[in-house]
Structures are given as C-alpha cells and as structure tokens.
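The values are calculated or read from the model by the stated rules, or taken from the named source; none is laboratory data. All values reported here derive from a predicted model rather than from experimental measurement. Here the Cβ is made from the backbone with ideal geometry for all residues, glycine too, and neighbour counts use every protein chain on show. SASA here: full protein model, heavy atoms, side chains in, ligands and nucleic acids out. Shrake-Rupley method; radii C 1.70, N 1.55, O 1.52, S 1.80 Å.
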Amino acid sequence: MSATPRPGRRRRPRTRAVGATAVLVASALALSGCVQSQRTGSGSSSGGSVNSTFVFAASSDPKTLDPAFASDGESFRVSRQVFEGLVGTKPGTADPAPLLAESWKTSADGLSHTFTLKKDVTFQDGTPFNAAAVCANFDRWYNFKGIQQSENLAYYYTSLFKGYKDKPENAVYKSCTASGDTEATVTLAKPFAGFIASLSLPAFAMQSPTAMQKYNADAVAGTADSPQLSEYAKGNPVGTGPYKFDKWDVGQQVQLSSNENYWGDKGQVKKIIFRVIDDPNARRQALESGSIDGYDLVAPADTQSLKDKGMKVLQRDPFDILYLGFNQAKKQLKDLRVRQAIAYAIDKEALVKQTLPEGTKVATQFVPESVNGYNPNVTSYPTDKAKAKQLLKEAGYPNGFTIDFNYPTNVSRPYMPTPEQTFTNLSAQLAEVGIKVNPKPLKWSPDYLDKIQGTADHGLHLLGWTGDYNDTDNFVGVFFGRQKPEFGFNNPSLFDALTKARGVSKLEEQTPLYEKINDDIMKYLPGIPLANPAPSLGFASRVESYPVSPVNDEVFNEIKLTS
C-alpha cells in the first residue's frame, strides 16, 4: 500500500515505447556461470538479436501470486505481467484507459457500468475471456468469507467496496450480469465515483475461473494475522497477460515466460526473472556487475555513481506522499498546539535536499498536485522555530518533552528510500525546539506495519503511500476515512465528509468538497505531509526504454532492448 508497498496498477494498447534514450556504457563485469545460464536466449519483435531474458531485482518475495489477496508492490509487480484488468492506465499517467474492456458506459445515477469487452482473448490455460468470466471474478470478491475479508488479505476490496454478501448493508457492489460474451454490466449498491479508475488495480485483475476452481484459490487457511496461501496463490496463477507463471523459488526468485497466445504485442523480453535481493547496496552492486538488468528504488546517494558508470537512472513522476504521523493516543500528541509546534519545527526543504531523490517536491497536503481536490490555499506551517517553542510553552511544555519515534529499518519504499536518514534528519530538527525522541526502529514487515497500523503502542511515526490510481479517495479516504489505530483519533465529521465526497460523480461538484477536506485535514493536523518523492529506477545500458509509470504500471513486454 502504501503504507503497503503498493504500489500500485495498468497500461497499454498494442505497442508503445516510453523511456529515455540509451546511453553508452563501459563493458560490464563478466557474469558468473549461473547468471549467464539464466540470461541466454535471443529474440526480438523488431528483427534484431537481443538477450531476451530480463533479470529484475526485487526487494522481497511477493506476498502471494493471487492479486485479489495482495496489497504489496512486489506481488503487484509480478501480477502486472501475468494478469490484466478491464481498465488500464494511460501511458505515463495514473489516469484510466481501456484494457480488456474496450469501452464502458455509466448510467446517469452512477450505479450501473456496462463494459464492452475485447474479443478473441483467452486466459493462459485456454479458458475464454468473456462476460461470464468477468462476472465470476466480481462475484468471487463479493463472496469472500471469514479471514478472506481481512485487511491483511482482501485489503483493496475491503477498503474500496466496504462490504460483502454476508454484510450487504455496507457493500458497494451489488451484482454483475453477462449479456452474451462481450458485454458485462456491473451494478453498484452505492455511488462510488472512483469505481472505473479503481479497476486498474492488480487486485481487481481478471483471473481464470477454471484455474481458480481447479487449484482452490479460495482455500485460505490459518488466521487473518498469519494466513496460509492456497495452492493457486503459491504456484498456479492464470491471467490474460503477456507472461505466464513458471516457478517461484521462495527467497530466491520468481520466473515467468512469454505467453505465446497473448492478444497483444509479445515484445522482446521472453523470460523474466525477479531475483530477490533485499539489501539496497547489494542491488546496486548486482547492476554494476551485470548480474541483473534493473532494479527499483535507487538510493539518492547512488544515482550519480550509477550514471558515472554508464548505467541509466529513470525517475517516476511523484505520485506518492511521505508523512510524519501523530498517534493521538499519546498525551502530548493529543494537544493540537503540540502537533502545530512540531509542524513549525520541521524544515521540509532541508529534509528533501538532504535525504530524498532529485525531483522530489515538498508536500503541503496529503494529495499530490495532480490529484483532484488539491488545494493551493490549505493552512500551512512554514518553518518557525520560535513559534514552535511558544506553542509548546502554551501547551505546558516550556522545556519540551520526550516522545517515542517509530521508524522502519532494512527497507526502501518509493516514498521513503532511506528511512534511517529521514528519521535522523527529523530528530535533529525536533531537538532544536526541545523535543527529544526515543528511537524505536523495527523491521518493516510484519513488525513495523503491525505496530503502527494495528496497535496504539507508538508515538511519532514515518509512513507514506504510493497512489494506486488517480482518485482523491485513494489518498485521503485511505488515511482518514475511518477511525484507525495509526492516528488514534475519531473525527465523525471528517469521516462523513469523505464518505459524501466519494459518492459524488460530477467532478465540478466533487472538487470543492475535496478542497475543503484537504484544508480541514491540515487544520486538524493528524500528521504532517512532508514530501512527494520521485522514485528512481536503475538499468543496464542495454535497456533502451522502459515504460515508467507513476503508479508502477510497468509491463515488461514494453521494454526495448539493444543487446
């Protein structure tokens, strides 16, 4: 997400090349015998001979191969190659575009959506993709039961569609009807303005009904906190995408190969290896040695070094938010004057310059500039140490106080590539106004996320979000749409305002609602939006272009290679 690695979701008609022009590079170090054997092969849709195996370093294993039960970026990175949704994204943007649905019509009340489907598409197991398959997927999500409904599994369906068949009073979804093979109508029980855009999420990708039944996709065991994956989710995912699943060596790599029956451009890349390398320095070294072709989340300090060595560094447009969260279950943070004092104490410009990638923007609110409802006139807190100290004095802390400061370790997120540096920088700034911190580092998953999102046992904390699609609810609704342990506050008026705005289908009516909400959030100050970082990717020189997407909707059949 996210707080989850989310990351997020989809793409292209037939062909396109998005990316930077190739640069010259010195000879790479010789590959080891093992790596060389994984990267042999040739083939090109453009007629030239290239090494058609593409090795990409993942920061971790995917959580699952079933995207309906995923919310993390590494799961979605794999899913985007294997699966497709009804809706994709316009190249290089977060805006919705046709994919498996060639077009759609929405009723005047916003409750009925009729999709015209692409013809002559099959799933990788030969099952026809048709309207019946669309309805099978929608009905599957709606019929999740028990632990399947937990946020640790069906995070996105629970967050966006609110309820299930066994709790229809909360449900946004109502029914799906197939009219022949190429027309499916989805009817909602409640208005959801972001419905079409949300379908670009991998969590709502179309999966083969045959494969899901054969491999017991819904046979999730264990508990919500510790689920056990189904046979389908561990090794039998089947979609309509340009690549099919081959194998998953847990802790090592995931391997995919070209789907020879794919409806679109098969591209130059015939084999994909997602190799698990959890250490950022090791990922950089692997690229420099030639044992991988690319990796995500290049550390800011490594950018120039890679360029100097002939590697290519590309940036995504900022579509995320890094924030400092306040847990108002803590006495000091419950006082608005203390929260304001912390806001005035922080120099966001210095933080960005010293710890975040080139291209990062200072954030004034919890949505990026490109999202509807961005308000250029929100309440602001320019750096003012004297004012911070005065507010602390008024709140009864003339000499400051000490507070727990939670932050993650051994992880790189798109919105926070170097958490330890971000923590150190902010701690020093707070110390200047008398606020001392107890450092509380924790491993990212599951320890850190479980503590911040599921308990009241934290104080200040660093977290963020990468947008899934271009809709305001996907940012502020996720953060502040309901009471959550992360922020420790209950604000019914804000919750109600977000619910109302979410259901307004006309943009001209919705925009002022979100503009007011964004200002209200900055007045109430449940956290401090710090920055909209520009995540970077690093590639070998043979990568001529790469389909960079602000929402990580990057499918490898669109990669252009020179060797």
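Considering only the stretch 149-165, I want to know if a residue exists there that is over 25 Å from the mean Cα position of the chain (by Cα) and open to solvent by 10 Å² or more (accessible area, probe 1.4 Å). Give the derivation first.
Step one: of the stretch 149-165, the residues over 25 Å from the mean Cα position of the chain (by Cα) are 165.
With the extra rule that they be open to solvent by 10 Å² or more (accessible area, probe 1.4 Å), the set shrinks to 165.
Yes, the stretch 149-165 contains a residue that is over 25 Å from the mean Cα position of the chain (by Cα) and open to solvent by 10 Å² or more (accessible area, probe 1.4 Å).
How many residues does the stretch 163-205 contain that are of a type outside the set (D, E, K, R) and part of a strand (DSSP E or B)? Break it down stepwise before answering.
Initially, the stretch 163-205 is screened for residues of a type outside the set (D, E, K, R), giving 163-164, 168, 170-173, 175-180, 182, 184-189, 191-205.
Narrowing the set further to residues that are part of a strand (DSSP E or B) leaves 173, 175-178, 184-188.
Adding up the residues that qualify gives 10.
If we only count helices (runs of 4 or more DSSP H) wholly inside the stretch 206-297, which ones have 1 or more residues that are out of contact with any Leu (no Cβ under 8 Å at 6 or more places or on another chain), more than 30 Å from residue 145 (Cβ to Cβ) and open to solvent by 60 Å² or more (accessible area, probe 1.4 Å)?
On the way: elements: 209-214, 231-235, 280-289.
Result: 280-289.
Does the stretch 349-359 include one or more residues that are crowded, with 20+ Cβ neighbours inside 10 Å, in a loop (DSSP other than H, G, I, E, B) and within 26 Å of the chain's Cα centre (by Cα)?
First, the residues of the stretch 349-359 that are crowded, with 20+ Cβ neighbours inside 10 Å: 351-352, 355-357.
After this cut, where a residue has to be in a loop (DSSP other than H, G, I, E, B) as well, the list is 356-357.
Of the ones still in play, those that are also within 26 Å of the chain's Cα centre (by Cα) are 356-357.
Scanning the stretch 349-359, I find at least one residue that is crowded, with 20+ Cβ neighbours inside 10 Å, in a loop (DSSP other than H, G, I, E, B) and within 26 Å of the chain's Cα centre (by Cα), so the answer is yes.
Take residue 224 and tell me if it is within 30 Å of residue 499 (Cβ to Cβ), under 22 Å from the mean Cα position of the chain (by Cα) and at pLDDT 95 or above. Step through it out loud before you land on a result.
Values: within 30 Å of residue 499 (Cβ to Cβ): yes; under 22 Å from the mean Cα position of the chain (by Cα): yes; at pLDDT 95 or above: no.
Against the criterion (within 30 Å of residue 499 (Cβ to Cβ), under 22 Å from the mean Cα position of the chain (by Cα) and at pLDDT 95 or above), residue 224 does not qualify.
Could you list all residues from the stretch 305-338 that are under 28 Å from residue 525 (Cβ atoms), within 26 Å of the chain's Cα centre (by Cα) and either of a type outside the set (A, V, I, L, M, F, W, C) or not in a loop (DSSP other than H, G, I, E, B) (or both)?
Of the residues in the stretch 305-338, the ones under 28 Å from residue 525 (Cβ atoms) are 317-338.
Narrowing the set further to residues that are within 26 Å of the chain's Cα centre (by Cα) leaves 317-327.
Matches in the stretch 305-338: 317, 318, 320, 321, 322, 323, 324, 325, 326, 327.
Residues that are closer than 17 Å to residue 74 by Cα and touching a Gly at 6+ places or on another chain (Cβ under 9 Å): does the stretch 205-222 have at least one?
yes
Does residue 389 satisfy the criteria of being more than 30 Å from residue 553 (Cβ to Cβ) and over 27 Å from the mean Cα position of the chain (by Cα)? Before the answer, list the steps.
On the way: more than 30 Å from residue 553 (Cβ to Cβ): yes; over 27 Å from the mean Cα position of the chain (by Cα): yes.
Yes, satisfied.
Is it fair to say residue 173 is within 19 Å of residue 85 (Cβ to Cβ) and within 17 Å of the chain's Cα centre (by Cα)? Talk me through it step by step, then tell me what you get.
Numbers: within 19 Å of residue 85 (Cβ to Cβ): yes; within 17 Å of the chain's Cα centre (by Cα): no.
Judged against the criteria, residue 173 is not a match.
Suppose the filter is buried (at least 18 other Cβ atoms within 10 Å of the Cβ) and closer than 30 Å to residue 205 by Cα; does residue 544 pass it?
Working: buried (at least 18 other Cβ atoms within 10 Å of the Cβ): yes; closer than 30 Å to residue 205 by Cα: yes.
Judged against the criteria, residue 544 is a match.
List the pairs whose first member sits in the stretch 444-457 and is without any contact (Cβ under 8 Å) to a residue 40 or more places away in the chain and over 14 Å from residue 489 (Cα atoms), whose second member is of a type in the set (Val, Ile, Thr) and open to solvent by less than 60 Å² (accessible area, probe 1.4 Å), and whose Cβ atoms are under 6 Å apart, counting only residues at least 6 apart or on separate chains?
Once the first residue is without any contact (Cβ under 8 Å) to a residue 40 or more places away in the chain and over 14 Å from residue 489 (Cα atoms) and sits in the stretch 444-457, its partners that are of a type in the set (Val, Ile, Thr) and open to solvent by less than 60 Å² (accessible area, probe 1.4 Å) give 444/411.
How many residues are out of contact with any Lys or Arg (no Cβ under 7 Å at 6 or more places or on another chain), at pLDDT 95 or above and open to solvent by 50 Å² or more (accessible area, probe 1.4 Å) when one looks only at the stretch 370-395?
Total satisfying the criteria: 13.
Which residues, counting only those in the stretch 430-444, are surrounded by 17 or more Cβ atoms within 10 Å (Cβ to Cβ), under 19 Å from residue 344 (Cβ atoms) and in contact with a strand residue (DSSP E or B) (Cβ under 9 Å, 6 or more places away or on another chain)? Walk me through it before giving the result.
Within the stretch 430-444, the first condition is being surrounded by 17 or more Cβ atoms within 10 Å (Cβ to Cβ), and the residues that meet it are 430, 433-435, 437, 440, 442, 444.
Remaining after also requiring under 19 Å from residue 344 (Cβ atoms): 430, 433-435, 437.
Selection gives 430, 434, 435, 437.
Which numbered condition trips up residue 537, out of (1) open to solvent by 10 Å² or more (accessible area, probe 1.4 Å); (2) within 23 Å of the chain's Cα centre (by Cα)?
With respect to (1) open to solvent by 10 Å² or more (accessible area, probe 1.4 Å); (2) within 23 Å of the chain's Cα centre (by Cα), residue 537 is out only on (1).
Could you list, in sequence order, all residues of the stretch 238-267 that are on the phi > 0 side of the Ramachandran plot and out of contact with any Phe, Trp or Tyr (no Cβ under 8 Å at 6 or more places or on another chain)?
Listed by number, the list holds a single entry, 251.
For residues that are outside any helix (DSSP H, G or I) and among the hydrophobic types (A, V, I, L, M, F, W, C), tally how many sit in the stretch 126-153. Reasoning before the result, please.
Of the stretch 126-153, the ones outside any helix (DSSP H, G or I) are 126-130, 143-145, 150-153.
Checking the rest, the ones that are also among the hydrophobic types (A, V, I, L, M, F, W, C) come to 129, 144, 153.
Number of matching residues: 3.
Filter the stretch 496-524 for residues that are open to solvent by less than 90 Å² (accessible area, probe 1.4 Å) and aliphatic (A, V, I, L, M); which is farthest from residue 370 (Cα to Cα)?
That would be 497.
Filter the stretch 445-484 for residues that are open to solvent by 20 Å² or more (accessible area, probe 1.4 Å) and either over 21 Å from the mean Cα position of the chain (by Cα) or more than 30 Å from residue 515 (Cα to Cα) (or both) and give the result.
Once the filter is applied, which keeps residues that are open to solvent by 20 Å² or more (accessible area, probe 1.4 Å) and either over 21 Å from the mean Cα position of the chain (by Cα) or more than 30 Å from residue 515 (Cα to Cα) (or both), the stretch 445-484 yields 445, 446, 447, 450, 451, 455, 456, 457, 483.
Name the residues in the stretch 127-145 that are over 17 Å from residue 85 (Cα atoms) and either in contact (Cβ under 8 Å) with a residue 40 or more places away in the chain or aliphatic (A, V, I, L, M) (or both), would you?
144 - this is the single residue of the stretch 127-145 that is over 17 Å from residue 85 (Cα atoms) and either in contact (Cβ under 8 Å) with a residue 40 or more places away in the chain or aliphatic (A, V, I, L, M) (or both).
Between residues in the stretch 368-393 that are more than 21 Å from residue 520 (Cα to Cα) and residues that are among the basic types (Lys, Arg) and not in a loop (DSSP other than H, G, I, E, B), which pairs lie under 8 Å by C-beta distance while being six or more apart or on different chains?
Between residues of the stretch 368-393 that are more than 21 Å from residue 520 (Cα to Cα) and residues that are among the basic types (Lys, Arg) and not in a loop (DSSP other than H, G, I, E, B), the close pairs are 392/337.
Could you look through the stretch 316-342, keep only residues that are basic (Lys, Arg) and open to solvent by less than 10 Å² (accessible area, probe 1.4 Å), and pick out the one that is farthest from residue 530 (Cα to Cα)?
Start the filter on the stretch 316-342 by keeping residues that are basic (Lys, Arg), which leaves 316, 330-331, 334, 337, 339.
Restricting the remaining residues to those that are open to solvent by less than 10 Å² (accessible area, probe 1.4 Å) gives 316, 339.
Values: 316: 18, 339: 14 Å.
For the stretch 316-342, the residue satisfying everything is 316.
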